[in-house]
Structure formats: C-alpha cells, structure tokens
Amino acid sequence: MKIAVLSDIHSNVFALDAVIKDLEKHSVDLKANLGDILYGPIAPKATYELLMEHDFITISGNQDRQIYESTDEEIELNPTMQFILDDLGPKPLDWMKSLPFDKQVNEDIYFCHGTPKDDLIYLLEDVSKGYALLRSDNEIIDLLAGQKSQLICCGHTHTPRAVYLSSGQLIVNPGSVGLQAYTDDEPVVHSMENFNHHASYSIVEKTNSEWVVQNIKVPYDYQLAVNESKKRNRSDWVHFLSTGRRI
C-alpha cells in the first residue's frame, strides 16, 4: 500500500498543480486530501476544478465548514470570505457540504483533519506558548479517543511530522500544500512557520510490516499565489507565501 497524503491546500491552485505533477512520479495506490481546501485569497474555484480532475479521498477541514457556515455578519467583516463565495458559486459549496468529517479506509488506516473528535484541535502540537511544541505521548493517545488504526493521517497544523506512539501507532501530518506559515488567535494567539515557500505533501508506503514516510517539498511559482493575494489586499498571506515565516 502506497499513499499520497495532502492537506491544507487553502485555494493555492499553483501549489496543488505542482504537487499533483510530482506525486504522479510515485505510482501511488491511494490519494488522500485531508481538508482546508478552498479557503484563501488565491484561487478557490480553480482549485476545486483541478481537484475534480483527480481521484482523491477527500475529507472536510474546519475552514471548509467555515465557508458554508458563514453568517451575513461574518461575510461582511471578512472580505476574503466574500471573495471566496463569489468565486466559488453553488456547486463547490454543495461539494464541500457533502464531505465526510473523517475516513476509516480499512482496519489499519484512518484519516482526519484535526483529531478524531474535533477538527479545530491540533492532534500533535501544543500551542499554549504561542508556538508549536510536540505533545506528550499520553496527550496524543488521549486525543485519539480510542482510535486504534496503525496509520493515522491528520492535517490542520501545516506542520509536517511523523510520530510513533508507545501504542505502536504512526501519526503522519503531511504539512500544507498551499500555505507554509500562518498566525491564528484560537485557542491562543500562536504562529506556525515552516521557513520555506515550497509546497508540502507526504508519501506513506507499507513495506513488509513497517510504514515508510517521505515528506516531500515541491518548488512552484509561489509568486503567482502572491500576486493573487495582493489583489485581495492580503499582505499577511503575501508574507506567509513568500517566506514561510510568521509576521
């Protein structure tokens, strides 16, 4: 079994296109997309259209829900959300609404965005100090809430990691296809940063009884994404996309 794992595209069709072309070199059996797909000031509709050309198992992320659950007040206060809704139209919204929260592929493989219970909680990282620290083994196992699959793939933090637990389980986060840094104010103000502008994804392959993980960094013309973000007056995204660093 050989799996390509993508997450957190965030409307960056330019990064997604580069990743899809790269993963075609690897002859995978399965392609997974772990959510946070179309939210962003870059190219939501084009990202949706590109994904529809390919066979991905896709689950929902918290910011996918944020798009179709947004209230009139939230839209008015968030010009990026207004742009996304105007750009997408109804069909992509219906598609996002249809996406499952998680996916049990088989007895050994499970996909979620955040944790098995909550798409807003980071499974692997504690950000209480304002930056990411790996949680303890026991904390991660508690957040799994009884999920026993040997391979668990999650997203949400934009931080590529492969973590073996004392339970014998492997947790893989492929990082982010489309956004290598961000700052958020929930649950506390914190920043994630990968210090590069390359798109990130992972190949996970079972050989004999072991899972082998490759995290792959793919160069792409990030200036195209920067230019679209400038059109939406998102100077924060311009910085994140260009540097992979917090502001």
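Any residue at all in the range 174-181 that is among the polar types (S, T, N, Q) and in contact with a Cys (Cβ under 7 Å, 6 or more places away or on another chain)?
No, the range 174-181 contains no residue that is among the polar types (S, T, N, Q) and in contact with a Cys (Cβ under 7 Å, 6 or more places away or on another chain).
Counting only residues that are open to solvent by 70 Å² or more (accessible area, probe 1.4 Å) and on the phi > 0 side of the Ramachandran plot, how many does the range 26-60 have? Steps first, answer last, please.
Narrowing the range 26-60 to residues open to solvent by 70 Å² or more (accessible area, probe 1.4 Å): 27, 29, 49, 52-53, 55.
Subsequent filtering for residues that are on the phi > 0 side of the Ramachandran plot retains 27.
Residues in the range 26-60 being open to solvent by 70 Å² or more (accessible area, probe 1.4 Å) and on the phi > 0 side of the Ramachandran plot: 1 in total.
Given the criteria under 25 Å from HIS239 (Cβ atoms) and open to solvent by less than 70 Å² (accessible area, probe 1.4 Å), does GLN63 qualify?
yes
Please specify each residue of the range 131-155 satisfying the condition of being touching a Cys at 6+ places or on another chain (Cβ under 9 Å), touching a residue at least 60 places away in the same chain (Cβ under 8 Å) and of a type outside the set (Gly, Ala, Ser).
CYS153, CYS154
Looking only at residues that are basic (Lys, Arg) and out of contact with any helix residue (DSSP H, G or I) (no Cβ under 8 Å at 6 or more places or on another chain) in the range 1-54, which one is farthest from TRP95 (Cα to Cα)?
The first filter runs over the range 1-54 and keeps only residues basic (Lys, Arg), leaving 2, 21, 25, 31, 45.
Those still in the list that are out of contact with any helix residue (DSSP H, G or I) (no Cβ under 8 Å at 6 or more places or on another chain) too: 21, 25.
Values: LYS21: 24, LYS25: 28 Å.
Ranking the candidates gives LYS25 first.
Can you tell me which of LYS45, LYS2 is touching a Pro at 6+ places or on another chain (Cβ under 8 Å), touching a residue at least 24 places away in the same chain (Cβ under 8 Å) and charged (D, E, K, R)?
Within the list LYS45, LYS2, the selection yields LYS45.
Contact list please: Cβ distance under 7 Å, first residue in the range 119-130 and closer than 19 Å to LYS103 by Cβ and open to solvent by less than 50 Å² (accessible area, probe 1.4 Å), second residue in a strand (DSSP E or B) and of a type in the set (A, V, I, L, M), pairs at least six apart or on different chains.
LEU123/ILE171; LEU124/LEU134; LEU124/VAL163; LEU124/ILE171
Could you figure out which of (1) open to solvent by 10 Å² or more (accessible area, probe 1.4 Å); (2) more than 19 Å from the chain's Cα centre (by Cα) isn't true of SER149?
Tallying (1) open to solvent by 10 Å² or more (accessible area, probe 1.4 Å); (2) more than 19 Å from the chain's Cα centre (by Cα), SER149 fails exactly one: (1).
When the range 1-41 is examined, which residues are found to be closer than 20 Å to CYS153 by Cβ, among the small types (Gly, Ala, Ser), within 13 Å of the chain's Cα centre (by Cα) and assigned to a loop (DSSP other than H, G, I, E, B)?
Those that are closer than 20 Å to CYS153 by Cβ, among the small types (Gly, Ala, Ser), within 13 Å of the chain's Cα centre (by Cα) and assigned to a loop (DSSP other than H, G, I, E, B): SER7, GLY35.
Among the residues of the range 164-203, what is the count of those that are of a type in the set (Asp, Glu) and without any contact (Cβ under 8 Å) to a residue 40 or more places away in the chain?
Of the residues in that region, 2 qualify.
Please name all residue pairs, on different chains or six or more residues apart, with Cβ atoms under 8 Å, provided the first residue is in the range 92-114 and is at pLDDT 95 or above and the second residue is of a type in the set (Asp, Glu) and open to solvent by less than 40 Å² (accessible area, probe 1.4 Å).
That search, which allows pairs on different chains as well, returns MET96/ASP64; LEU99/ASP64; PHE101/ASP119; CYS112/ASP119; HIS113/ASP36; HIS113/ASP119.
The values are calculated or read from the model by the stated rules, or taken from the named source; none is laboratory data. Only a predicted model underlies this, so the values are computations on that prediction, with no experimental measurement involved. Glycine gets a Cβ as well: all are built from the backbone with ideal geometry, and neighbour counts include every protein chain shown. Please note that ligands, DNA and RNA were not included when accessible areas were found on the heavy atoms of the full protein model with its side chains. Shrake-Rupley method; radii C 1.70, N 1.55, O 1.52, S 1.80 Å.
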